[in-house]
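Remarks on the structure that follows.
The values are calculated or read from the model by the stated rules, or taken from the named source; none is laboratory data. No experiment lies behind these values; they were computed from the predicted model shown. Cβ placement follows ideal geometry from the backbone for every residue including glycine, while neighbour counts extend to all protein chains displayed.
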Amino acid sequence: MKLWSWRKTLRASKIDIKPPVASPNRDGMALVAIVRNEADYIGDWLRFHALGGITDFFIYDNQSTDRTVEIAKSIPALNVTIIPWALDTSSHKPAMILPRQSLAYCHAISNFGGAYRWMGFIDIDEFLVPENTSTILESLAALSDVSNISLPWVMFGHGGHDKMPSGPVPLAYAHRALHQTGSLLNFKCIVDPCDVRQVGVHKFETHSMGPKTANMLGKVTWNKTRATHSFVTNARLQLNHYYLRSRAEMAQKISGPAVSGVEQNQRKGKILEKAALIEENLQPDMTAKRFLQRHGIETDEEFRAVLL
C-alpha cells in the first residue's frame, strides 16, 4: 500500500512533443497562461503586456467560477483565445500524474505555435518587464539565434499591504527579495514553439539547443546548471513574480487549490517558506514603474485607461 501511495505521487516533470510546422509568415510573440479565478488580476495583466507589444494571448481556463473569462474576452483590441481546461489526468503504467499546466503548454504549442516566432509561458502573477526598451520583442531582438530563453523569478513581497490594493499590481508593489537563490529561484521560459521537443512548467528543451538554454544576455548553459550566479540575470527583460501580493491575498492563496494540482499542505508549507525569505531582506525595484513611465503612464487611472 505504501508503495502504491508513493507511486501515485510521481509527477511527469517533462513531456515530449513534436513541434508544429512553422507558418511561412510566422512572426511576433504570444503569451500562454493557465488560470483559475483571476478576475481581480487578468485585466491588468493583459493591459501591461499589451503595452509591451503583445496582442495574442492563449488563456487556459481551469474551471473559473468568477468573471475571469468574461474580463479576458472584453478587450476588443487584443486577440485573446480562451480554452476550457478542466483536465485531471494520470498514466496507469507507470503510475504518474500528468500536470495539467504542462499539458496546456503542449496544447498551445501544437495548435497555435506555428504562427509565432516566440511563445512565453507565464502565470497571471508574473509580468515580463522590459528593462530599457518599450516592447518585449525589442528586448528579444538580440537573441534571434537562440530558441530557448530562461528568465529567473524576481520575487516581490507584500509591499506593506494587508488587504488587496485598489491599484494595479505593477504600481502597487515595488519591493522585492534581494537574493535570487534557493527556493526563491526558479525560471519561466520563452521559446521558439516550432523547435520545442520537450515541455515542462519551468524547463523546456528544443531541437537546436537540446537540454541547453540562454539567458537574456545570450549566455548559454545546461538547463540543470541555470541556478548559478554567472547565469542568473535580470538584464533586458525582467520576470517580476508578484508572489505574495497582500497578506490577505496570501492567506487566501494558502487556503485555496493549486492550478498545478499540488497537495494543499505541501503547497502551504512552500508558500510560507518563500514568504519568510522574501520579506526577510527587501530592496526597492522600480523596473515596472519605469517601463510604464516610458509609455507615459504615472497613475493608476492612466494605466487602467489602456485599451479602453
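On inspection, ASN240 passes the criterion of being over 24 Å from ALA22 (Cα atoms) and either of a type in the set (Lys, Arg) or outside any loop (DSSP other than H, G, I, E, B) (or both).
Is it true that LEU137 is part of a helix (DSSP H, G or I) and of a type outside the set (Gly, Ala, Ser)?
So LEU137 passes the test.
Listed here are the strands (runs of 3 or more DSSP E) enclosed by the stretch 1-120 that have at least 2 residues being out of contact with any Lys or Arg (no Cβ under 9 Å at 6 or more places or on another chain): 29-35, 56-61, 79-84. Looking across the stretch 140-167, the residues that are in a strand (DSSP E or B) and under 26 Å from LEU244 (Cα atoms) come down to ILE149, SER150, LEU151, PRO152, TRP153, VAL154, MET155, PHE156.
Here HIS161 meets the list (1) closer than 24 Å to HIS207 by Cβ; (2) over 20 Å from the mean Cα position of the chain (by Cα) almost entirely, failing just condition (1). With the condition being modelled with pLDDT under 95 and loosely packed, with under 15 Cβ neighbours inside 10 Å, I'd like the helices (runs of 4 or more DSSP H) fully within the stretch 244-308 carrying at least 2 qualifying residues. By residue number, 247-255, 264-280.
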